[in-house]
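The structure appears right after this line, and notes come after that.
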Amino acid sequence: MSSGLSSVLIMRHGEAAPGFPDHARPLTLQGEQEADAMAHWLALRIEQGELPCPTIYASPFLRAQQTAQQICDALGVPLNTLAFITPEDPPIEVSEWLLKQSADAPIMLVSHMPLVGELAGLLVEGVPSRGIGFPTASIAELEAEVWAAGCAQLKRFTQPSQLL
């Protein structure tokens, strides 16, 4: 990993419909609108040079794929899928994966509660149980020199209700 700060954006998927099986639950109309608002907000920030364009990874679950695809479409980038960022996956696995990634461009993870909250808690506070609540389609922006427990700083937290 190169020296200096790198960024990770952790996003919870937009509002999803209830149902079973869990992995097949689609976004609701509101969820699509939330994802769209966040996608346009990110695109504007990138266009203005405020944020480098991230590499986007999503959980294989339908609602995360739909949310991430809206972000990818707005940014003109491909969607990557990570099998180990589903709701109940351990945040330490994601942290270990982040340690192996290049710091050249920001990484954006589109996933689920409780993983998004626990991952943010692990990276910022050093303890997954100290995680933050994530309304649907919210994005936590973290910076760190190394993606180890307790080494990141929460730079910004944005939710769709702030934009709509």
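The numbers here are math on the coordinates, done by the rules we state, and not lab data. The shown structure was predicted, so the numbers you read here are calculated from the model rather than taken from an experiment. Cβ placement follows ideal geometry from the backbone for every residue including glycine, while neighbour counts extend to all protein chains displayed.
Some observations on this one:
- Per-residue Cβ neighbour counts within 10 Å put Val8, Val146 in the sequence Val146, Val8, beginning with the fewest.
- The chain - share of DSSP beta bridges that are antiparallel (%, nearest 5): 50
- Build a GNM of the chain with springs between Cα atoms under 10 Å apart, and of Val116, Val124, Val94 the one that fluctuates most is Val94.
- Loop GluC sites (Glu not before Pro), the range 89-164, which have at most 15 other Cβ atoms in a 10 Å radius of their Cβ (DSSP): Glu145
- Alpha carbon centroid spacing (whole Å) that separates the range 98-156 from the range 3-79: 15
- The label point for Val127 and the one for Trp41, both projected 7 Å from the Cα toward the Cβ, are 2.9 nm apart.
- Stokes-Einstein diffusion coefficient of the range 6-162, Kirkwood radius over Cα pairs, 10 °C, 1.306 mPa s, in µm²/s: 105
- Put a dot 7 Å past the Cα of Ile92, heading toward its Cβ, do the same for Ala24, and the two dots end up 3.4 nm apart.
- Of the trypsin sites (Lys or Arg not before Pro) in the range 64-164, the ones in a loop by DSSP (not H, G, I, E or B) with at most 15 other beta carbons within 10 Å are Lys100.
- Taking the chain as a Gaussian network of alpha-carbon nodes connected by springs under 10 Å, the highest mean-square fluctuation of the residues Met113, Met11, Met38 belongs to Met113.
- Rounded to the nearest 20 debye, the dipole magnitude of the chain is 100 debye, with +1 charges on Lys and Arg beta carbons, -1 on Asp and Glu beta carbons, and the Cα centre as origin.
- Charged side chains reduced to their Cβ positions (Lys and Arg at +1, Asp and Glu at -1) give the range 1-96 a dipole of some 60 debye around its Cα centre.
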